[in-house]
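Report on the structure given below.
The values are calculated or read from the model by the stated rules, or taken from the named source; none is laboratory data. Since this is a predicted model, take the numbers as computed values, not measurements. Glycine gets a Cβ as well: all are built from the backbone with ideal geometry, and neighbour counts include every protein chain shown. The protein model used for the area step is the full one, side chains on, heavy atoms only, and it has no ligands, DNA or RNA in it. Shrake-Rupley method; radii C 1.70, N 1.55, O 1.52, S 1.80 Å.
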Amino acid sequence: MEGQRESIHGQWSSRLAFILAATGSAVGLGNIWKFPYIAGENGGGAFVLVYLVCIAVIGIPIMMAEVMIGRRGRQSPINTMRTLAAEEQAGRAWVMLGWAGVLAGFLILSYYSVIAGWALAYVFRTGSGLFTGLTADGVQSIFTSMVSDPERLLAWHTIFITMTMVVVARGVSGGIEKAVKFLMPALFVLLFVLVGYAWNSGSFQQGLEFLFQPDFNKLSANGVLIAMGHAFFTLSLGMGAIMVYGSYLPATTSIAKVSIAVSLMDTLVALLAGMAIFPIVFANGLEPGAGPGLIFQTLPIAFGHMDYGAFFGMLFFVLLVFAAWSSAISLIEPAVAWLVENKGLTRVTAAVVAGLVTWLFGLMTVFSFNLWSEFKPLSGFEVFRDSTVFDLLDYLTANIMLPLGGLLIAVFASWKMSRASSLDELGMGDRFFYPLWRFLVRYITPIAVILVFLYALRDIEAIQYILNAIGIT
Ligand code: PFF
């Protein structure tokens, strides 16, 4: 590769290290906490199908684009965009893409950390045997009493942000590389154990049908947007996290291969989580659309009735915390790298500054579950009728900011960067796969994202009204 730059932040020690770090970023609360509950709220099968199509057609090509841009720029996303935009004569406004990513990272981590805090709390709750022998009702009321206490949520949120700051302060390769190597396989093993339990729950069939039998009548236009947004969220795309990890990637690694590997592992974890959770939901007469509390109200039932359930339960939530931890790091790494590059801060100071900003934003989510639980800022719109501030933050970041960021990344990589640059950086020859990738990111990805956006607008009454007025619907 010509004209290689070097990152001042260091490099992954190997291709495997990148795969693990990027998988660590991708596999997180999105797979185990969020995927099951949004699939549950949006009717199951059809939602899952749209999500899988989005991973294949939009996610993998954009991941390649993002890693490629990162490795070519070898700086924080903000400076990478500035440098590459100048090099490719693309206009200075592209730097805004880096800034938007930093903002999205802060906003996502602000609520991500609160939920990771729930997982932390559950390490102790399951470990102490609190759920042993409890019915679904008992488990549910433990969850409700936790989230209605703002002080408790704040304490766990503070602990999780501190954990994130500590790792980011130490740089990524040393600690996290080693941790992820052990944790990811362990997470897989435990998920299989849970799928095994669900298998015997008596409702496995019903769980599978719910996940894999598409019924498009149950999927709203807004649900399609949520499925697409989730494809971005779960692969950590559209905000510079994968870009900044790409900037530490060794020069000779095949970007296509690592992107596909990361996407497949991520998808597998989400599907396994669904296969573990829905049978338990149905076997216990619970609601698949229970919302953000779903896994905290279902899995403890399983653990409460299993041999050594307290131990496995504790282990499971420990792993969930680690999965969230390795994602959280990647959410503020773009901001931290920029603070080091442009403000001359040490990594430690940069991590503390970024952590504090996130902590403050996190208060909005903490209060959404208690003090502000009746505050529904956009209740005038039917789709947001029941949305708390937390729901809106999640919607704005996952369903709007990330797809928009991803769309712009695709446009930059395929319309603004020269063919020679991307061909050189991807290094996969010019036979079949490169033209296929370029076609996907040039046309299919942007058009798909725009169509889904437009389609989802149908669910917003104000737009419906206009469409009706001009006779389009
Ligand atoms: N991919 C993570 C998950 O599924 O939990 C969340 C995430 C991490 C989103 C990093 C975006 C990001 F940049």
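How high is the FRET efficiency from residue 439 to residue 264, r the C-beta distance, R0 25 Å, rounded to 0.05? Efficiency at R0 = 25 Å is approximately 0.70.
Measure out, as a whole number of angstrom, how far apart the alpha-carbon centroids of region 287-320 and region 153-172 sit. Each part's Cα centre sits 24 Å from the other's. The phi torsions of region 250-259, fed into the Karplus equation with coefficients 6.51, -1.76 and 1.60 and a -60° offset, translate into couplings of x, 4, 9, 5, 6, 5, 5, 5, 5, 5 Hz, rounded to whole numbers, with Gly and Pro shown as x. Maximal additional length on extending the residue 464-residue 212 stretch stands at 87.6 nm, based on 0.36 nm per residue less the C-alpha distance.
On the chain, 65 percent of the accessible area sits on carbon and sulfur atoms, based on a 1.4 Å probe. Look at the dipole of the chain built from charges on Cβ: of 334, 352, 434, the Cα furthest out on the positive end belongs to 434. For region 333-473, the gyration tensor built on C-alpha atoms gives an oblate shape. Its axis ratio a/c (a ≥ b ≥ c) is at least 1.5, and a/b is not larger than b/c.
Using packing as a proxy for protection, rank 101-107, 334-340 so that the peptide with the highest average count of other Cβ atoms within 10 Å comes first.
Put in order of decreasing packing, that is 334-340, 101-107.
Taking only the Cα atoms of region 95-197, the ratio Rg/Rh comes out at 1.05, with Rh defined as the Kirkwood radius. Cβ-Cβ distance of residue 135 and residue 360, R₀ of 41 Å, FRET efficiency by 1/(1 + (r/R0)^6): the value works out to about 0.55. Its relative contact order, with pairs defined as Cα atoms under 8 Å and 6+ residues apart, puts the chain at 34 percent. Determine, from the Cβ-Cβ distance of residue 6 and residue 379 and an R0 of 51 Å, the FRET efficiency 1/(1 + (r/R0)^6), rounded to the nearest 0.05. It comes out at approximately 0.50.
In summary, the aspartates and glutamates within cross-link reach of residue 416, defined as a Cα separation below 16 angstrom excluding same-chain residues under 8 places away, comprise 66, 87, 88, 424, 425. An ellipsoid equivalent to the chain, defined through the eigenvalues of its Cα gyration tensor, has semi-axes of 34, 26, 22 Å when rounded to whole angstrom and sorted largest first. Which entries in 34/218; 181/257; 34/181; 178/343; 34/343 show an alpha-carbon gap greater than 26 Å? Violating the 26 Å Cα-Cα cut-off are 178/343; 34/343.
For region 211-336, take N as its residue count and report Rg(C-alpha) divided by 2.2 N^0.38 Å.
Cα Rg divided by the expected 2.2 N^0.38 Å: 1.28.
Taken one residue at a time, the phi angles of region 393-399 give Karplus couplings (6.51, -1.76, 1.60, θ = phi - 60°) of 4, 5, 4, 4, 6, 5, 9 Hz. Gly and Pro are set to x.
A cut-off under 11 angstrom between Cβ atoms defines the neighbours of residue 351, and their net charge, with Lys, Arg +1 and Asp, Glu -1, is +1.
If you take the Cα centroid of region 258-283 and the Cα centroid of region 45-74, the two points sit 17 Å apart. Couplings 3J(HN,Hα) of region 111-122, computed from phi: 8, 4, 5, 5, 5, 4, x, 4, 4, 4, 4, 6 Hz, in residue order, whole Hz [Karplus 6.51 cos²θ - 1.76 cosθ + 1.60, θ = phi - 60°; x for Gly and Pro]. What separates the Cα centres of region 362-424 and region 1-31 is a distance of 24 Å.
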